[in-house]
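Note sheet for the following structure.
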Amino acid sequence: MGPDAAGPAPQAGQQVRRLPIIRIAGTLATLALLVFLLGRQGWGEFWEALRRIPLPYFLLACLLMVVSRLTVCGRWFVLLRSAGTGITPGQAVRLVFAGLFASNFLPTTVGGDVARLAGAVRLGLDGAVTAASLVMDRLVGMAGMATALPLGLLVVVPAGVSLPQALPELSLAIPAGSVWIRVQGAIRRLTGSVWQAFHLWIRHPRDLFVALLWTYGHMLSLFFTVWLIFQGMGESVPFWQIAGLWSLVYFITLLPVSINGLGVQEVAVAYLYSTYSGVSLQAGLAAAVVIRMLYLLASLPGAAFLPGLLQKNSQSANPPGAPDSIRQP
């Protein structure tokens, strides 16, 4: 332990106790806002927008969502295999789906990662290597989404205004005071974990590239799912706008203010697509609810794998080295 460990430790503990409360409160607040928007627009119009989605469109969207989940499995499997863990594709699929299912209800941004890590340790995988692979898994996912971010900025930044000109307005959204200090502290605490993960895989550039390809497969499946839902409701949105605005939704939902982005994602989807893509607010709200439903349906296979993880003792349920900062793409 370093010389400063005794000082900030109590504050860190207080933050850990506060954050779940903040996320629960944020979830309730954003869900209340979502219900308010639904009520303001009219429940009849909302249900009418949902009913406009043909059954074949919905079933195909379900299939695409499952494909996107499987590509996430492929990405993590590549990273673990390159680290010499000896994991099999079937084990990776079971662990990822268990984590996806757990993230639907655990009051933390990384509940799914904790479930994956606990299951990997139970299978005999090295805990430190697995924890580093989870961090790298998130970083590769974020890198993929970041490549679509310029498309989103092209949509939301007014025409004729360059990004440097827009930066002063964007800077208003940066937290100030004690909140910004806590963010800086979290970034400093992350540096060690990120460097460890980067150091392990920088020697395997080919595997990192393959993992990035799996990420692009996940992104394409997800973007086509969103495009298909809007098409089913009769709302025509260019595919590049679907991709760009969803990248913004992704980075917005990284904020640890709700459980698994619940409520935050729905409000962000409804606002961004109705404001910048010309779809009706009813269609935006309906699409947001359908996407959340598809997330839940696609994670249901994990319910069969999660009980085996929970049966392990508490030492394995929260092993040392678990990542605590970056949430699922």
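Would the range 261-268 turn up any residue that is more than 19 Å from the chain's Cα centre (by Cα) and either small (Gly, Ala, Ser) or at pLDDT 85 or above (or both)?
no
Given the conditions (1) assigned to a helix (DSSP H, G or I); (2) touching a helix residue (DSSP H, G or I) at 6+ places or on another chain (Cβ under 9 Å), which single one is not true for VAL279?
(1)
Could you check, for the range 113-120, whether at least one of its residues is surrounded by fewer than 24 Cβ atoms within 10 Å (Cβ to Cβ) and either free of Cβ contacts under 8 Å to residues at least 60 places away in the same chain or more than 30 Å from LEU272 (Cα to Cα) (or both)?
yes
Going by the structure shown, is LEU254 modelled with pLDDT of 90 or more and either on the phi < 0 side of the Ramachandran plot or assigned to a helix (DSSP H, G or I) (or both)?
So LEU254 does not fit the description; no.
What are the residues in the range 95-148 that are at pLDDT below 90, under 17 Å from ARG81 (Cβ atoms) and among the acidic types (Asp, Glu), if any?
If the condition is that a residue be at pLDDT below 90, under 17 Å from ARG81 (Cβ atoms) and among the acidic types (Asp, Glu), then ASP126 is the only one that fits.
Tell me yes or no: at least one residue of the range 294-315 is more than 13 Å from the chain's Cα centre (by Cα), closer than 26 Å to LEU151 by Cα and at pLDDT 70 or above.
So far as the range 294-315 goes, yes, one or more of its residues are more than 13 Å from the chain's Cα centre (by Cα), closer than 26 Å to LEU151 by Cα and at pLDDT 70 or above.
State all residues of the range 227-252 that are of a type outside the set (D, E, K, R) and more than 19 Å from MET142 (Cα to Cα); if no residue qualifies, say none.
Within the range 227-252, TRP227, LEU228, ILE229, PHE230, GLN231, GLY232, MET233, GLY234, SER236, VAL237, PRO238, PHE239 qualify.
The values are calculated or read from the model by the stated rules, or taken from the named source; none is laboratory data. Note that the structure is a prediction, hence the values are computed from the model and not measured. Reconstructed Cβ throughout: ideal geometry from the backbone, glycine too, with neighbour counts over all protein chains shown.
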